[in-house]
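Taken together, the values in this text are just the output of simple stated rules run on the coordinates, not laboratory data. In this text, all values refer to a predicted model and were calculated from it rather than measured experimentally. FYI the Cβ positions are ideal-geometry reconstructions off the backbone, even for glycines, and counts take in every protein chain you see.
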Amino acid sequence: MGEPGRVGNFGRAGVRWHAAAGSLAALSGLQYREMRVRPYEQRDRSEVRRICHETGFMGEPVDWLWRDRESFADAFSGYWTDREPESALVVETGDEDGEGPARRVVGYLLGCVDTKKVPSIVRVLWPHVIHRGLLIRGGTAPVLWRSMADIAGDIVRERKLPMEDLLDERWPSHLHIDLLPEARGRGLGSQLVERYLDYLRGVGSAGCHLETIFENRNAVAFFKANGFQLHGDPRPSPGWRSRSGERLHIQVMVRSL
Ligand SMILES: CC(C)(COP(=O)(O)OP(=O)(O)OC[C@H]1O[C@@H](n2cnc3c(N)ncnc32)[C@H](O)[C@@H]1OP(=O)(O)O)[C@@H](O)C(=O)NCCC(=O)NCCS
């Protein structure tokens, strides 16, 4: 990923966090823990997949809705780590040399320059349906059958599905971003986005879009703070429900470069 890759090359947000964390550590006597952004490496793959599942429901663990980590991680991180690793960044904490706490990945941004290259979720999940029995396993079957029923119902009602209209040449690129709770609220998410958008400018992308759950108000506020705008209305999400059973909605957000 060229320049965005330099370890320790903190932007404005990182500097702000360093100052805040330093004073907090001084006040509380806790050990100062640095967090840094760097390019994704192959050794990060299993940690990224774990975080993907642990933050998969609006930042909370998704296991109550989708228990099978392998298929979930394949659907929401597989293409990005395996086919386009040069567009990914991670947040890391800890030491390599073993003197302090061990090195750990605590968040990531997974990017894609050209959304047309990403295989559909049906194509990614199909082998898991066959080989891992997703349609009959308790941890995945309810959401999958409900998804099919929702899609059929939405087609009958002539509602637009969330996956329509995502291929727009004004915003050909996209991103996924997830931080573990310990890494949130410190400017690291903004730093990841800034560095990724710089990278996209460098490769000549016209713009970036993303999908988020509309009910994830924190994420919508975060993306607005980082220059993204709502694009279209929120659309009912196939299969996904809140813990209290209400249907959730997908919101597309865009930013031109
Ligand atoms: C959403 C997420 C990526 C934001 O990253 P972050 O490092 O916590 O956010 P930042 O500290 O860079 O915040 C930047 C700005 O975004 C807005 N923002 C961030 N978190 C917010 C929250 N919980 N509520 C309201 N605004 C928020 C604020 O304007 C903030 O600026 P400020 O600190 O000056 O007030 C991170 O919290 C996260 O991973 N959450 C869980 C997973 C998730 O929801 N991912 C997105 C799915 S599409």
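Details
- Under the shape rule built on the C-alpha gyration tensor, where the axes satisfy a ≥ b ≥ c, the range 159-257 is oblate, since a/c reaches at least 1.5 while a/b does not exceed b/c.
- Using a simple spin-label model with pseudo-atoms 7 Å out from Cα toward Cβ, GLU96 and SER120 lie 4.4 nm apart.
- Between TRP145 and LEU167, full extension at 0.36 nm per residue minus the direct alpha carbon distance yields a gain of 5.3 nm.
- Residues of the range 200-221 with amide N under 18 Å of a point placed 7 Å along Cα→Cβ from ARG159: 212-216
- The protection proxy used here, the mean number of other Cβ atoms lying within 10 Å of each residue, ranks peptides 172-180, 151-159, 121-129, 232-240 as follows, highest first: 172-180, 232-240, 121-129, 151-159.
- The value of relative contact order for the range 71-140, using C-alpha pairs under 8 Å at least six residues apart, is 29 percent.
- Approximating the spin labels as points 7 Å out from Cα along Cα→Cβ, the ARG50-to-ARG241 distance works out to 3.1 nm.
- Nonlocal amide H pairs with GLY107, under 5 Å, H built at 1.01 Å: VAL91, LEU180
- Fraction of beta bridges assigned by DSSP in the range 174-257 that are antiparallel (%, nearest 5): 95 percent
- Label-point separation, GLU86 to ARG217 (7 Å along Cα→Cβ), nm: 4.2 nm
- When each of the peptides 55-64, 191-200 is scored by how many other beta carbons lie within 10 Å of its residues on average, the order from highest to lowest is 191-200, 55-64.
- Cα extents of the range 3-256 along the three principal axes, largest first (Å): 59, 39, 33
- The mean sequence distance of close C-alpha pairs (under 8 Å, at least 6 residues apart), as a share of the length of the range 3-256, puts its relative contact order at 20 percent.
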